[in-house]
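Here's the structure, in C-alpha cells; my notes come after.
The values are calculated or read from the model by the stated rules, or taken from the named source; none is laboratory data. The model shown is predicted, which means the values in this text are computed figures rather than measured ones. Cβ atoms come from the backbone with ideal geometry, glycine included; neighbour counts cover every protein chain shown. Keep in mind that these areas ignore ligands, DNA and RNA; they rest on the heavy atoms of the full protein, side chains included. Shrake-Rupley method; radii C 1.70, N 1.55, O 1.52, S 1.80 Å.
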Amino acid sequence: NAGVTQTPKFQVLKTGQSMTLQCAQDMNHEYMSWYRQDPGMGLRLIHYSVGAGITDQGEVPNGYNVSRSTTEDFPLRLLSAAPSQTSVYFCASQQSSGNTIYFGEGSWLTVV
Amino acid sequence: GENVEQHPSTLSVQEGDSAVIKCTYSDSASNYFPWYKQELGKRPQLIIDIRSNVGEKKDQRIAVTLNKTAKHFSLHITETQPEDSAVYFCAASLGWRDDKIIFGKGTRLHILP
C-alpha cells in the first residue's frame with residue numbers, strides 16, 4: 001500500500017515551459033486535491049476533485065489545469081510556467097472532505 | 001468562501017512548558033477542524049481533529065478545543081518535548097463530500113532546551 005505517490009520530486013523549469021506533476025493513490029479515495037506551499041503562506045488549495053470526472057477550483061487555480069479520468073490519478077498541469085509558480089506542491093487524497101488527508105511527499109518546483 | 005486565520009505565526013516555548021495555537025474561521029457552517037503537523041522537509045500529517053458536535057478532544061499531550069459561537073478553535077500541547085518542534089496547520093471544512101478544505105498559514109513552533 002503506497003498511499004499517495006507524486007512525481008517528480010524535484011524539477012527546474014524555464015519560464016514559459018509546460019509540465020505535468022503526476023499523482024496517484026491506491027487507497028480508493030474519492031477526494032483528491034493539489035496544494036502549493038510557500039513560506040509564510042501555508043497550504044493553499046489549487047484544485048480538487050470529489051470523484052472521477054469531477055474537478056473544481058480551489059483558492060489559487062490560475063495557471064494550473066487538472067483532470068480526473070480515473071479514481072487513482074489526479075495530474076496537475078502547468079500550462080506556461082512563471083517564476084511565481086516556484087513552490088512546493090503537495091498532492092493529497094482522502095475519503096471525503098471530513099476525513100484525514102493523506103499527503104504525498106511533495107514536489108519541489110523551481111521556475112527560472 | 002471559508003477563511004481561516006491562524007496565530008501566532010511563530011511560537012517559542014521552553015521544553016516542558018505548554019504551547020497554544022489559535023485559529024478562527026469565517027463560515028459558521030463549517031463542522032470539521034483538523035490539525036496537521038509538518039516536520040522540516042516532510043509532508044503534513046494529521047495529529048488531531050474535532051467536529052462541531054464536540055467541544056474538546058484530547059490525545060495524550062495534545063488537545064483541541066472548539067468554540068462554535070466565537071468561531072475559533074485552539075491546539076494545546078502540554079509538557080512540550082524537542083520532537084514537538086515543527087510547523088502546525090489548522091484547517092476547516094463543511095465536512096461534506098463537495099466541500100473545500102481551507103488551511104491556516106501555519107505556526108512554526110520552536111521548543112527551547
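Suppose we filter the stretch A:68-99 for residues that are open to solvent by less than 40 Å² (accessible area, probe 1.4 Å) and without any contact (Cβ under 8 Å) to a residue 24 or more places away in the chain; how many remain? Of the residues in that region, 1 qualify. Taking the stretch A:1-57 and the strands (runs of 3 or more DSSP E) fully enclosed by it, the elements with 1 or more residues that are of a type in the set (Phe, Trp, Tyr) are at A:10-13, A:31-38, A:42-51. Whether any residue in the stretch B:54-73 is within 14 Å of another protein chain (Cβ to nearest Cβ), within 15 Å of A:Ser97 (Cα to Cα) and either without any contact (Cβ under 8 Å) to a residue 24 or more places away in the chain or part of a strand (DSSP E or B) (or both) is what I want to check. Checked the stretch B:54-73: no residue is within 14 Å of another protein chain (Cβ to nearest Cβ), within 15 Å of A:Ser97 (Cα to Cα) and either without any contact (Cβ under 8 Å) to a residue 24 or more places away in the chain or part of a strand (DSSP E or B) (or both). Residues that are among the charged types (D, E, K, R) and facing another protein chain (nearest Cβ under 10 Å) within the stretch B:74-113 comprise B:Arg97, B:Asp98, B:Asp99, B:Lys100, B:Lys105, B:Arg108, listed in sequence order. Filter the stretch B:15-52 for residues that are within 12 Å of chain A (Cβ to nearest Cβ), of a type outside the set (Val, Ile, Thr) and more than 24 Å from A:Val88 (Cα to Cα); which is nearest to the chain's Cα centre (by Cα)? Taking the candidates together, the pick is B:Asp49.
Within the stretch B:8-28, being surrounded by 16 or more Cβ atoms within 10 Å (Cβ to Cβ), of a type outside the set (A, V, I, L, M) and assigned to a strand (DSSP E or B) holds for B:Lys22, B:Cys23, B:Thr24, B:Tyr25. Condition test on A:Tyr35, is it in contact with a Lys or Arg (Cβ under 7 Å, 6 or more places away or on another chain), open to solvent by less than 70 Å² (accessible area, probe 1.4 Å), in contact (Cβ under 8 Å) with a residue 40 or more places away in the chain and closer than 18 Å to B:Asp99 by Cβ? Answer is yes for this residue.
Pairs are defined by a Cβ separation below 8 Å, a sequence spacing of at least 6 or placement on different chains, a first member in the stretch B:29-48 that is on the phi < 0 side of the Ramachandran plot and open to solvent by less than 40 Å² (accessible area, probe 1.4 Å), and a second member that is acidic (Asp, Glu) and in a loop (DSSP other than H, G, I, E, B); the pairs so defined are B:Ser30/B:Glu2.
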